[in-house]
1. Can you pull the semi-axes for segment A:4-56, root of five times each eigenvalue of the Cα gyration tensor, sorted largest first, whole Å?
2. For segment B:353-477, what are the per-bin percents of Cα-Cα distances with bins 10 Å wide, up to the bin holding the maximum?
3. How many angstrom lie between the Cα centre of segment B:16-78 and the Cα centre of segment B:254-269?
4. Give me the angle, in degrees from 0 to 90, between the Cα long axis of helix B:259-277 and the longest principal axis of the Cα atoms of chain B, rounded to the nearest 10.
5. For a footprinting-style exposure proxy, rank B:460, B:168 by other Cβ within 10 Å, fewest first.
6. Apply the a/c threshold of 1.5 to the C-alpha gyration tensor of segment B:172-252 and tell me whether it is rounded, prolate or oblate.
7. Using the 10 angstrom Cβ neighbour count as an exposure proxy, how do B:242, B:358 rank, fewest first?
8. For residue A:43 and residue A:20, what is the calculated FRET efficiency with R₀ set at 41 Å and r taken between the beta-carbons, to the nearest 0.05?
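Every read-out reported here was derived from the displayed coordinates using simple, explicitly stated rules and does not represent laboratory data. Because the structure is predicted, anything quoted here is derived from the model rather than measured. Note that each Cβ is placed from the backbone with ideal geometry, even for glycine, and that neighbours are counted across all protein chains shown.
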C-alpha cells in the first residue's frame with residue numbers, strides 16, 4: 001500500500017497528463033448542444049411558468 | 001506503470017476527482033437516463049406526492065408537481081454541460097466559486113444532509129419488507145425489525161456502491177425498467193380502483209393556509225425543495241456521458257419528468273386512499289395493499305423494496321464522490337464504509353422521516369444559493385470557460401486560491417441568501433411565511449434567485465478582480 005504523499009503524487013501526475021491531453025488541439029471534446037436543445041429548454045420553462053401563473057391567479061382551480 | 005498503479009488510476013478516474021477523458025466515457029443517453037432515474041425513483045417520491053395531494057385540487061396538484069420541478073430542474077441542470085465537456089463534476093467547478101476549503105466544508109455538510117434522504121429510503125425499505133412479510137402471512141414486530149431491515153438495506157446499497165459505476169449501471173438497467181412499469185401500472189390501477197371523477201372531486205384540506213394561493217405556494221415550496229435536492233448530486237453522473245445533449249436531457253428528464261411522475265403517482269394514491277378510506281396515506285406499500293389487492297401488491301412491494309436498495313447504492317456513490325471532490329485524499333472505499341455507518345445511525349434514529357417537510361426545506365436553503373451562483377457563474381460571470389489547471393491546482397496556476405482557500409465573496413453570497421430568506425421570506429424550521437415574496441418565488445426558490453443575483457451583483461463591482469483571476473489562464477477551453 002502506498003503512503004498518502006505517493007498517492008497524491010500519482011494522482012497529480014495523472015491529472016497533469018490528462019490536462020495536457022485535453023490541451024492538445026487534436027483532443028476530441030464531446031459534441032456541444034444545438035439551437036434545437038436551447039429552444040426546447042426555453043419552451044419547457046416558459047410553458048411550465050405559464051401553467052403555474054394560471055394556477056396562482058385562480059384561472060386553473 | 002505497474003498494474004496496481006494503473007488500477008488505482010482507473011479507480012480514481014471513475015470514483016475520484018481526476019478529469020474523465022472523452023475516450024473513457026461509459027454512458028450512452030439510455031445508460032445515464034436509467035441510472036439517474038434509478039436514483040430519482042426512490043420511494044420518498046410517494047411520500048412527497050401524498051404530502052402535496054392533501055392541499056390542492058387534482059389539476060393544481062398535477063401542475064404543481066410537474067411544472068415547478070420542470071422549471072427548476074431545467075435551470076439547475078444547465079451546468080451539466082460543463083460537467084460533460086470537461087469530464088468533471090459540479091464540485092470541482094465550485095472550487096472556483098467557493099474556494100477549495102469552502103468546497104471541502106460545503107461538500108461535506110451537504111452530503112451529510114443528503115444522506116438523510118437515504119435514511120428515509122432505508123426506513124421505507126423496512127416498511128415495505130414488513131408489509132411484504134405480513135402479506136405472506138408472517139407478521140414481523142416493527143419495533144425490532146424496522147431498524148434491522150433498514151440497516152440491511154444500507155449494507156446492500158453499500159455493496160453496490162463499492163462496485164462503482166459499472167455495477168450501478170447494470171443494477172439500474174434492470175431495476176428502473178421494472179419500476180417504470182410498476183409506476184405506470186400503479187397509476188392505472190389507482191384510477192380503476194377508484195373512479196377518476198371521485199378523485200377529481202376531492203376537496204383540498206384548507207387547514208394548511210387560509211387562501212388557495214397560500215396552499216398552492218406552500219405545496220410548491222415542497223416541490224421546489226424536492227427539485228433542489230437533486231442539484232448537488234445531479235452533476236456527478238453526467239461526467240460519464242458521451243455528448244452534452246445526452247448528458248443534459250438524460251439528467252433533466254430523469255429528475256424533471258420521471259421523479260415527478262412518481263411524486264404524482266404518490267399523490268394519486270393518496271387521493272384514492274382518501275376516497276376509499278377517508279384518510280391520506282403516505283406509505284406506498286400500505287396504499288398498494290389497500291387499493292390494488294394482495295396479488296399485485298406483493299409484486300409491487302417487492303419491486304419497490306428493491307428500488308430502495310438501488311437508490312442506496314447510487315446515492316452512496318454520488319455523495320461519496322461529492323465529499324471526495326472536497327477531500328480528495330480520502331479513499332473512495334473508506335468514504336463508502338463511513339457513509340454506511342452514518343446512514344445506519346440516521347435510520348435507527350428516525351428523526352429525518354419524522355420531520356420530512358422541515359428536512360427537505362432546510363437542505364434546500366443551502367443548495368438553493370449554490371444553484372443560483374453556479375448558473376450565474378457558468379453562463380454570465382465565467383461565460384462557460386474555466387481554468388482547469390487552476391481548478392486542479394497545477395503548479396504555477398493559482399487563480400482559485402482566493403483567501404487561504406476560501407472565496408469570501410461566494411461564501412458571503414451563500415450566507416446572506418440563507419439568512420435573508422429565513423428572516424424575510426420563509427422560515428423552514430418553523431414553517432412560517434415572513435412576507436408576500438414567498439407567494440411569488442417560494443422560500444427555496446428565493447434562495448437560488450437571490451444567491452445568483454448577489455453573485456452577479458458582486459461581479460460588476462470592484463470585487464470582480466477578486467472573483468475572476470483566471471482570464472489569462474484559460475489554456476483548455
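1. Working: eigenvalues 405, 72, 4 Å².
Equivalent-ellipsoid dimensions as semi-axes: 45, 19, 5 Å.
2. Per 10 Å bin, starting at 0, the Cα pair percentages come out as 13, 37, 28, 16, 6, 0.
3. 9 Å
4. Result, in degrees: 20.
5. B:460, B:168
6. Cα axes put segment B:172-252 in the oblate bin.
7. Numbers: B:242 18, B:358 15.
The most exposed by this proxy come first: B:358, B:242.
8. Values: r = 41 Å, r/R0 = 0.99.
My answer for the efficiency is 0.50.
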